[in-house]
Structure formats: structure tokens, C-alpha cells
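Below is one structure, written out as C-alpha cells; the observations come after it.
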Amino acid sequence: MDDLKLIVSPSPHIRDKDTTEKMMFAVLTALLPVLAASIYFFRWDAVRLVLLSAGAAIATEAIFQRLRKQPIRVADGSALVTGVLLGLIVPPSLPSWMVILGAVFAIAIGKQVFGGLGQNPFNPALVGRAILSVSFAAAMTKWTAPFDAVTAATPLFRGTAHIPDLFFGTVAGSLGETSALAILLGGIYLFYKGYLDYRIPVGIFASVAVIALLAGVSVPFHLLAGSLLFGAIFMATDPVTTPITKSGRWIFGIGVGLIVMLIRIWGSYPEGVTFAILLMNAVTPLINRWTRPRIYGQGVKSSE
Amino acid sequence: MRKVRSFFGGIYPEDVKQTTAGTPIQALSAPETVVVPLLQHVGLEAKPVVAKGDEVLKGQLLAEAEGATGAPVHSPVSGKVLAIEPRPHQSGHSVTAIVIENDGQDNWVERTTHPDPVQLDAEEILKRISQAGVVGMGGAGFPTAAKLTLPKGITLDYLIINGCECEPHYTTDHRLMVEYPEDIVLGAKLMAKASGARQIVIAIEDNKPDAIASLKEHAGSIEIVAVPTRYPAGGEKQLIQQITGREVPSGGLPYQVGAVVQNVATARAAALAVRDGEPLISRVVTVTGTPIAEPGNFLVPIGTPLAHVFEAAGGFSQKPGKVVVSGAMMGQAQFGLDVPVTKTTSCLLALTEEEAVTPDSTPCIKCARCVDVCPARLLPLKLEMFGMNERFEEAHAYGALDCIECGACNYICPAKRPLLQYIRFAKMEIIARDQLPS
Ligand code: SF4
Ligand code: SF4
């Protein structure tokens, strides 16, 4: 009792158990079914691209933190998440060096130039994919069919597909984006764990469905084809680059769905998820400003 | 049945009340010397009316109220005044205290009792509450009589008696409601009469069914309302919102929406003051936390050093790393155990050395959990950033002064940001610059 050395610090004195790392590793856990599906469909290409992308992302992050004389915090899992995400959204036949380059860009240009974790306005994995798409348009649109690696066109390019194929993933597409089933499993896990705000994906699905109906195209096709599902669940829900208000998240989701459909139906590219999310990332600060909640007690009158 | 409205945000910290919820209140005898601070309320230090060497009786006036929001202080024991000098205080500052040597006799001053106090008129009730030194015992320490005295022309719709006790550790109000429901009901009636409130509502979090049952048995026409268990359900503004559906205007006071909130312990103190002529010289304190050998609820004379109270709870079974006065969410960490229990000490919480460590903070990932839990509907991550970068004008524009300092944002943050610290800093700077009343 005599030599008590008591810590004196401001309240609160208890903290929730959740940490940034736990959130990141929950995302990785949610990606396991997607990883499994991509390996099942695309075999060694999936292993090769995801591992290289993850490794390059982590190495780039560590080098930047080292150069900045910051503590090396790659163990927080955020670079790993970016790397794995990027690995899952490239075509199975992409050359190894390209995915490495993409991951370096994702971390360097997508995240570190803005100051690192939490500071980046754009989703880093999508920045990586956008840079790859622009730089290596041919390689980034060279699709192969599952299992046998013969060249094939994506459902969006063809404009039609057998819906069960889209659901299970037996179509051509980016490594992790073909199987709706695997993506939904991951999404349900994240939602159940409290890491996923339903507003953004639901907003996306709702606006895609409504526009598909209005435009007279197949609703299930547009919901399940291409990058939509993966983007809605794993990209558009990235906390750092999406609105902090609940109403803002609705706007964000609806906006993404709208832009995707504009590009798909009237644009010159078959798919627009990457650019839709990046565009909405860009207006996120504005959305935050527009949707500031009314503070308790402000704008109310006393009743006397 | 009243429809309980919801308030925005809030958190669900682990409920650790079960440790002491079933432990009856145990009266603790006063130590050999008590240290009675002259500041146990908001406002100015009370002015001593005794001098060193004086013999005093239990319940005797030691110092009288100074200023409009002052409160008098009485002796918790009979004995001799040893000193009037600055002593360490829970606030971390030093505060003038009257040090009394306890003669162990418990000789009371003469007390005027009233067998039927509800018959007294409002003025007399207020006078007795004020003279007994009753202050808000839920933590704020605002003098009760002053809070019940409303500006001319104001009528009160509600007197809300706060039995929520939403801080995750303490059970003092809980035990009072189980063991002294009549006193609480009487106190509520007296305070309603004194303030002219049209109706009384006693609000209790629904994790205390025995307290709800106990009060219902004695409530008569008083409404007992169970509110959902969620921190900070017992915050004054949140409680008013839940019971009345009204929001207290920013920068305003509850009576402006026709409500006044008083805590259950305060209600009981008011009953003792008016009926029994007893000043506020003791209070119930929950002693709890992992390092405590025998956690429990104790009736402690004001002025008892914390060390003495911890001994009554069996001492420490392992070394404490932090000792907090009152709640884990809003309480104050202490430098030592020589500071005395005051009128607002609801709980002594000890944390182990591991529990006491402040986690390292990492960059904000904008997950907006702080936004989702903020009952004031602020954007805590923005306020923190403004505070950190000394952008006080923006902090002001984003409502820093509307922060109730509940700590929910800080609790929930996965990046372990010290949000509230920077928000408090911004608030202090804004008030200092604009010379606003705090
Ligand atoms: S809870 Fe913490 S990490 Fe999340 S937005 Fe608020 S400050 Fe940032
Ligand atoms: S401490 Fe202030 S900012 Fe944080 S949740 Fe409570 S009211 Fe909101």
C-alpha cells in the first residue's frame, strides 16, 4: 500500500476491446471464401497474384514508414488488406511484375503520399487497379475462363450470362470477383461482426436495381456481374474513404450504383465500378459536409 | 404507460455491476481523523464558522455557503477541529479542508424533525434542503435547493428522479432504491413541492428489476419508468429526452423545457434533511474493481480518506494501477489514497496495473464509430482534429461546447484516439477566448 504508483490519466478509464487490427483481420477473414473460390477457379494464378500483391503492398508500406522515420506498423494489417484486395481484382493472366507494380502504386500513390493510414481520400486498391487499367489496358482486359485458362470474354462484355454461373462464379472475370456466393458469405460475416454498415451496399444494390428496371435490362445480371458485388462489399465500405455520417453513406451507395449503371449502359466501357467508387470517394468530404447531423439542442426552442 | 423515447448514440460497456449489486449497504464507522473539504460542490469554497481547537458535534455547521451556488458543510463526527488547511482533493488540486479529530462519541447536534414533512410549504422545504448542504450526489454537485428554485414565471412539468446509474461499475443508487424506497419517494415529493413540478417520474435502467419493483411498491401516484440500459441513459439531457421527448436547448438549462433532474441519492438526502433534520454528512459509496478483495457498498462519513474505505472493502488483493473516484467513464483518476470522500463520491474504482495502461493510439481510420455513439450528435473525430491543430473556431462551429464529456467516443474508438482529451482542450480554449460562461 505504501509504494503505490498510480497512473493518473483523463477519463474514460475503460476502452472497447475492438482495435484497428481486429477490423483489418476481420476483413481478411471475410475474404477467405473469396480467396478459396479464386484458387478453386483459377488455381496457381490466384495464389501467385494474391501473394505477390500482398507482399509488395506490405514491403512498400514498410519502406515508406521507414523513410518517414515512423514506427513500422505493417502488423496493423491495413497494407495486407490493400494487397490482397488488389490481387483479387486483376485478371488471372496478369503478369507477375504488373501486379507487383500495381501494389506498389496502390500503397505509394493511393495511400502514403497522403500521409498513410486514414489520410488517403481514395481507396488504395482501386487506385492500384485504375493505374494498371490505364497503363496496361490490354493485359487488364485479357480474361480467361475458369479451370482451363483459355481466353474468354466476361459476362459484361458479352452483355449476358447464365445467372447461376454468375452466382457460383463459373464465368470469366477478375480472380475474386466472379463468385457472388463467396463474396456474399464474406459480406454476411462482416455485417454479423459489426464491421460493415449495410447502408452503402444496400444503397448500391437498390440504385443499380432501380436503374436496371427503368432501362429495361436484367436486374440480377447487373447485380451479379462484373465487379459490382465485390466492390459494394469490400471496396465501397472502406471506412477511410467513405462518409462518416449515416445519411452520407446512403448517398454514397446510391451515387456509386448510379455511376456504375451510367457507365455500363451508356458509357464506352463495359464496367465502371472502379471509377464509380473513386468518384464517390472524391466527393466524400462534400457529402460529409452536407450531411452533418443536427447537434442535440441546436435549433430547438425552450418551451417556456 | 409512458412511451420512453430513444436518445441518439450511446454504448454498451461490459456490465460489471453484478459484483456489488446484491451487496447490502454496510455502514462504515468514521476514522480517527476526518478531512472535510470546503469545496464539494460547484461554486465557491464554503466559509468556515469554526476555528482550530473548537469542539464540534456531529452534524454541526462547519462552514457556510458562499455565493449563489455555494453549499454549507457539516461535521460528520463529533470531536475537535485540528486544523483548517489546504489538503489534497479529488480534483487533483488542493482545497481548504477542516480536519477533525473524531472522539468516537457520535454526539449529534440538536435536530428538528418533522413527522409529516410534506405539509411544510415550499419555502420551508427549500430552506431545510439548502441548510443541510444537499448537493447533486450523482456527480455534478450542483446545490439542490438552487436547482429547485426556478426563475419567476416558470412552471415545471417534470421532476425526474434519476435512478439510471448508467456508469458501468456503481451500484450505490441501485442499493438505495432497494433498501430505502420510502425515503426516495418522500424526497421526490418534497422536491416536487419545493419546485412546483406537476409530475414526478422516477427513471431506472431496466437492468435493475429489483430496484424498479421496490420503488413501485412505495410509489403511490409517482410514475416509475424503466429505460433501456445504455450508457449514458442517465445523462441529464439524454434522460430528459427519453422521458419528455424534449431537447434542452444548446447552452440552456433543463427548466427551459419544463424539467428538472435530481439523482435518487439526492432525493434521499433531501428527505433526511427535511424530515429528520440531518445534514448531508455521509453517503453510499460502491467500492469495486478487479484488485478489490471484498467489493461492496458502504455508507461512508464524508471526509473519510479513500485508504480507509478500501480497507473496509478488504484491501487490495493485487496491486492497483489506477484508482478512480466515481465512474470508469467520467470519473477522476487519483494521485493518492489520502484524499477524502465527498458528497459527490459515488464509487471508488480500482483497476489492475494491466487495466490501467492507456493503450497507444494509432491513426484515425474514419470508421465513424465515434460519430455513431455520440449522444450529442457531434463529429468527435473532427473535433479531436480541430483541437489537436488548435483550430478552435472550427471546433466551436462544430459544436464542441455541446459535448457532454460522456467519453463514449473515446471508449469506442478502435484506434484508441484520445478524443475527449482534445475536445476538452478545445472547449476550454473556446470558453477562455470568448469569455463564455462555462
Ligand atoms: S472512432 Fe476513432 S478511428 Fe473511428 S472515426 Fe472516430 S476517431 Fe477515427
Ligand atoms: S464525449 Fe462529447 S464528443 Fe464524445 S461522445 Fe460524449 S458528447 Fe460526444
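The values are calculated or read from the model by the stated rules, or taken from the named source; none is laboratory data. It should be emphasised that the depicted structure is a prediction, and the values quoted were computed from it without experimental measurement. All Cβ positions, glycine included, derive from the backbone under ideal geometry; neighbour counts span all protein chains shown. Areas reflect the complete protein model, heavy atoms only, side chains present, ligands, DNA and RNA absent. Shrake-Rupley method; radii C 1.70, N 1.55, O 1.52, S 1.80 Å.
Okay, here's what the table says:
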item: Cα centre as origin, Lys/Arg/Asp/Glu Cβ charges: the protein assembly as shown dipole, Debye; result: 2760 debye
item: Between 0 and 90°, nearest 10: helix A:246-261 axis offset from chain A longest Cα axis; result: 20 degrees
item: Per residue accessible area of the protein assembly as shown, 1.4 Å probe, in Å²; result: 40 Å²
item: Shielding score for B:356-367, defined as the mean number of other chain Cβ atoms within 10 Å; result: 6
item: Among A:35, A:196, A:67, residue whose mean-square fluctuation peaks in a GNM of chain A (springs only between Cα atoms under 10 Å); result: A:67
item: Average beta-carbon neighbours from other chains, 10 Å sphere, peptide A:17-24; result: 4
item: Most mobile listed residue (A:268, A:11, A:53) in chain A, GNM with C-alpha springs under 10 Å; result: A:11
item: Cut-off under 5 Å, modelled amide H: who pairs with residue B:95 long-range; result: B:87, B:89
item: Relative contact order of the range B:113-276, defined on C-alpha pairs under 8 angstrom at six or more residues apart (%); result: 35 percent
item: Interface size B-A, as summed buried accessible area [1.4 Å probe, Å², nearest 100]; result: 5100 Å²
item: Percent of Cα pairs exceeding the 15 Å cut-off, where the set is the range A:166-223; result: 59 percent
item: Spatially proximal lysines relative to residue B:147 (Cα-Cα < 20 Å; intrachain offsets below 8 disregarded); result: B:127, B:189, B:193, B:237, B:343
item: Under Karplus coefficients 6.51, -1.76 and 1.60, residue-wise ³J(HN,Hα) of the range B:93-101 in Hz, glycine/proline x; result: 8, 9, 9, 4, 9, 9, 9, 10, 8
item: Surface share of carbon and sulfur [accessible, 1.4 angstrom probe, percent] for the range A:20-290; result: 72 percent
item: Neighbourhood net charge (12 Å Cβ-Cβ; Lys/Arg +1, Asp/Glu -1) for residue B:386; result: -2
item: Under-5 Å amide H pairs with residue B:136, H placed in peptide plane, nonlocal only; result: B:141, B:142, B:144
item: Three-way shape label, chain A, alpha-carbon gyration tensor, a/c 1.5; result: oblate
item: Over the range A:20-290, relative contact order from alpha-carbon pairs under 8 Å, at least 6 apart, %; result: 18 percent
item: Cα-based reach from residue B:80 at 21 Å (exclusive), listing lysines while leaving out same-chain residues under 8 positions away; result: B:47, B:52, B:58
item: Cβ-derived FRET efficiency at R0 60 Å, residue B:66 paired with residue A:198, nearest 0.05; result: 0.60
item: Two-site label geometry, residue A:283 and residue B:294: point separation in nm, points 7 Å out along Cα→Cβ; result: 6.7 nm
item: Considering only the protein assembly as shown, percent of DSSP beta bridges that pair antiparallel, nearest 5; result: 60 percent
item: The range A:1-97, relative contact order [Cα under 8 Å, separation at least 6], %; result: 33 percent
item: Summed side-chain charge close to residue A:82 - residues other than residue A:82 whose Cβ falls under 15 Å, Lys, Arg +1, Asp, Glu -1; result: -1
item: Rounded accessible area of residue A:72 (nearest 10 Å², 1.4 Å probe); result: 90 Å²
item: Angle between chain A longest axis and helix A:124-135 axis [Cα atoms, degrees, rounded to 10]; result: 30 degrees
item: Three-way shape call for the range B:113-276 based on the alpha-carbon gyration tensor, with the a/c threshold at 1.5; result: oblate
item: Charge sum, other residues only, whose C-beta stays under 12 Å from residue A:299's C-beta, Lys/Arg counted +1 and Asp/Glu -1; result: +1
